[in-house]
Structures are given as structure tokens and as C-alpha cells.
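In what follows, a structure is listed as C-alpha cells, so that the remarks can point back to it.
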Amino acid sequence: MLPENLHILNQYLPTGAFYYVLPYFEKYAIVLKLTRARQTLLGSYFYDTENKVHQITVNHNLNPQAFLVTLLHELAHLITFHQHKRTVVAHGAEWKQIFKEVLHEFLQQKIFHQDVEQQLFKSLDNLKASSCADLNLALVLKKYDKQTEENKIVIQDLKDGDLFVYDKGRIFKRIQKIRKRYECQEIASNKTYLFYALCEVEKHISNPPQVFTE
């Protein structure tokens, strides 16, 4: 039985995608939860053994292109679990093959924007554990985000040594790039943290310009 409010999903998806997603909800018992924004986690999947339902979460603030990619990622986990239970690793060969097949089905329907489609085709033979981990795909998907506040910037657009504000006014300094993340130091505590390259932060103006009025 389909959830009564499933039609709400349509407003989060690219035009035309809903009717291709619908069969998955008809075939499997799925509870879909739209969650708050999460920087390094866009979606999740687990099987609720008590209620015998598949639970999928997706960040509510994702643009339609990113939302669909994330939803298909989690549906691939569902199918992998349905076929193999817990006998395979989360992002192993079985999941990659299933995700590839699911993505290919949607790519044939020309639902994605052309640049997203092209990047997904490039990613098919080397699918990552998340679109966050696939930086090239993440950059293309981010183009379709709503315009952010003027003082917002992503970590990778800063320079080493630049200061930024994150998490309720905490001030950090970008130190260096380590593989696909950036080592940053919190000024108050001197502790270091790793930040995702596309994590949005607030520009920090250490010496704001003085304004004089007559």
C-alpha cells in the first residue's frame, strides 16, 4: 500500500522523475523521511526489522538533480539488501552493479540536465560511496542549488590561511588540503578538523573596513 502523502515527493524531483520512481514504492514497503540539511550525509538507508519496512532518508534541502541522485543511491542499497541481506559490504561490487543499473535506467529517460547526465555517465564505471565523495559530480550538482547568501563560500574556494566562520560563530583557519578534504584549525581551541571541500561556511573579515561619515 502506497503512503497517502507520496505525491509530495514529486515537488522534490526533476520534472518527469516521479513516475519512474513510483514503481519502487509500489514494489517495496518504503518509509521515506525528509531530514534536515547534513553536510557530509545526503541520504541513508536501513532495514527496520521490527516493522519490516525499508527506511530511506534524504536531506530536504537538496536541489531536484541532487535529490534524485541521492534517492537512487539509497534505492540501490534497498535492492542490494533485498537480494543479499547482510552478506555483502555496503558499497561493494554488488551495490555498485545495482546502482549502475538503476542509474542507467534513469539516464535513458533524459531526466537529468545534460551536464549532470554526462558526469553520471563518466561515474558509472567507478561509483563512489556518495555523491559527496565524487567531487566532480558534486560540483556539477551544486550548480543547481539556490543562490546562497552573499557572504557564504565553500571551503575549496578559500586559500590556505584564510579565516572562516562555521557552526554558531566558531572561527577556523584553512591549513592545507589532505586528499579530498581540507585540514582546518579552530582558532579558539587550536584543534584541527577535516572539512568536506564543498562545505558552505561564512567569510570572516578579520579587519573590516572603517566607514567614516561627516
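The values are calculated or read from the model by the stated rules, or taken from the named source; none is laboratory data. Please read these numbers as outputs of a predicted model, since none were measured by experiment. Ideal geometry is used to build each Cβ from the backbone, glycine not excepted, and the neighbour counts take in all protein chains shown. The protein model used for the area step is the full one, side chains on, heavy atoms only, and it has no ligands, DNA or RNA in it. Shrake-Rupley method; radii C 1.70, N 1.55, O 1.52, S 1.80 Å.
At-a-glance table
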| item | result |
| --- | --- |
| Selection within the stretch 157-189 - among the aromatic types (Phe, Trp, Tyr) and either touching a Ser or Thr at 6+ places or on another chain (Cβ under 7 Å) or open to solvent by 40 Å² or more (accessible area, probe 1.4 Å) (or both) | TYR166 |
| Whichever residue in the stretch 61-101 is surrounded by 15 or more Cβ atoms within 10 Å (Cβ to Cβ) and in contact with an Asp or Glu (Cβ under 6 Å, 6 or more places away or on another chain) and, among such residues, is modelled with the highest pLDDT | THR80 |
| Complete set of residues in the stretch 105-148 that are farther than 18 Å from ASN63 by Cα and either open to solvent by less than 80 Å² (accessible area, probe 1.4 Å) or among the aromatic types (Phe, Trp, Tyr) (or both) | GLU105, GLN109, PHE121, SER123, LEU124, LEU127, LYS128, ALA129 |
| Some residue of the stretch 204-211 being in contact with a strand residue (DSSP E or B) (Cβ under 7 Å, 6 or more places away or on another chain), modelled with pLDDT under 85 and more than 19 Å from ALA37 (Cα to Cα) | yes |
